[in-house]
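Quick note: the coordinates plus some simple rules give every number you see, no bench work behind them. Here the structure is a predicted model, which means the values were calculated and not measured. Because the Cβ atoms are built from the backbone with ideal geometry, glycine has one as well, and the counts that use them run over all protein chains shown.
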Amino acid sequence: MSLSLFDLTGRTALITGSSRGLGRAFAEGLAGAGARVILNGQDKDRLDDAATEMRAAGHDVQTLAFDVADETAIVAAFDRLDAEGIEVDILMNNAGIQFRRPMLELDSADWRRVIEINLTSAFIIGREAAKRMAPRGRGKIINIGSLTSELARATVAPYTVAKGGIKMLTKAMAAEWGEKGIQANAIGPGYMITDMNKALLENVDFDAWVKARTPMRRWGLPEELAGTAIYLASDASNYVSGQIIYADGGMISVL
Ligand code: GCO
């Protein structure tokens, strides 16, 4: 009985920003648990390459290219899924950018761009998914937060504010959509080995700081987040909502 709680067979998951990085790792993990996955990104060629690789591994994969910052494109994408009779059971709001600059030098346009892509998109896509989940009486929404959902680091203010917003948006979704059978939770990754963090990984001092500050004394691997995603996407978490689970090597819990 217990392991079947984690089985995603027959479920369809849409993961935004999933042609590479954490999003790709989430897609691999959910597909490995039996889900049909819909990959999303803006670069159609990169999406097609990722889908080809995952299909070669035996996974059921589709692609849906749209810009998460474009509300018209988001609505059109969900209308297309409706037309094809595809029901999204699991939504992972993963897409996001990083923009490192001190606030005294930060243009408001760059601020707005990060907030739009990292936070507002999760609301819009979440709203469109929940509209369709509610009549079915069930759905899973998993937003991707960050250590910066709790703690600020200098030079990444818009990202921090957006990720803090992701934590509270998750609770707002839980508040409004619980009675509709939808659970909304978040994952807070620690410092992970991804393209987005390349500059940090290559910085000797920053690399040393992450290893000293993290109880497990290392950066995380994207695939190490898959288990938490499977849990939050599955029936194993049917009475869990509004939570953020940190997969961070212990960093958020220690001074
Ligand atoms: C940074 C990093 C972090 C990590 C992650 C930590 O510049 O500090 O990009 O934001 O990516 O969000 O949880």
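The angle between the Cα long axis of helix 21-32 and the longest principal axis of the Cα atoms of the chain comes to about 30 degrees, rounded to the nearest 10. The stretch between residue 72 and residue 103 holds 8.1 nm of extra length on full extension. This uses 0.36 nm per residue minus the Cα-Cα distance. For residue 99, the residues 5 or more places off, or on other chains, whose built amide H falls under 5 Å of its own are 159.
Considering only the other residues whose Cβ falls under 9 Å of the Cβ of residue 133, what net charge follows from Lys and Arg at +1 and Asp and Glu at -1? Walk me through the numbers on the way to the answer.
Numbers: positive: 131, 132, 136, 138, 140, 180; negative: 87, 89.
Summing Lys/Arg as +1 and Asp/Glu as -1 gives +4.
The mean sequence distance of close C-alpha pairs (under 8 Å, at least 6 residues apart), as a share of the length of the chain, puts its relative contact order at 20 percent. Using the Cβ of residue 151 as centre and a radius below 13 Å, the other residues enclosed give a net charge of +2, where K and R count +1 and D and E count -1. Measuring against 21 Å, Cα to Cα, the residue pairs 140/171; 131/171; 140/198 contain 140/198 as the ones spanning a longer distance.
Please sort 100-109, 151-160 by packing, taking for each peptide the average over its residues of neighbouring beta carbons within 10 angstrom, highest first.
Values: 100-109: 10.3, 151-160: 16.9.
Put in order of decreasing packing, that is 151-160, 100-109.
Where nothing but the Cβ of Lys and Arg (+1) and of Asp and Glu (-1) is charged, how large is the charge dipole of region 1-55 around its Cα centre, in debye to the nearest 20? Provide the component values of the computation, followed by the final result.
On the way: 7 positive and 7 negative charges, 25 e Å.
The calculation lands at about 120 debye.
Backbone geometry of region 239-255 corresponds, through the Karplus equation with coefficients 6.51, -1.76 and 1.60 at θ = phi - 60°, to 3J(HN,Hα) couplings of 10, 10, 7, x, 9, 10, 9, 8, 10, 9, x, x, 4, 5, 9, 10, 8 Hz, x marking Gly and Pro. Separation of region 81-97 and region 117-147, taken as the distance between their Cα centroids, equals 9 angstrom.
In this structure the amide hydrogen of residue 38, modeled in the peptide plane, comes within under 5 Å of the amide hydrogens of 13, 14, 15, 62, none closer than 5 places in sequence on its chain. Pull out the extension gain between residue 204 and residue 127, defined as 0.36 nm times the separation in residues minus the alpha carbon to alpha carbon distance; nm, one decimal. Taking residue 204 through residue 127 to full extension adds about 23.5 nm, to one decimal. Given a Förster distance of 41 angstrom, what is the FRET efficiency for residue 80 paired with residue 3, based on the Cβ-Cβ distance and rounded to 0.05? Computed FRET efficiency for residue 80 and residue 3: 0.75.
Cross-link partners of residue 44 among aspartates and glutamates, defined as those whose alpha carbon lies under 13 angstrom from its own and excluding same-chain residues fewer than eight positions apart: 67.
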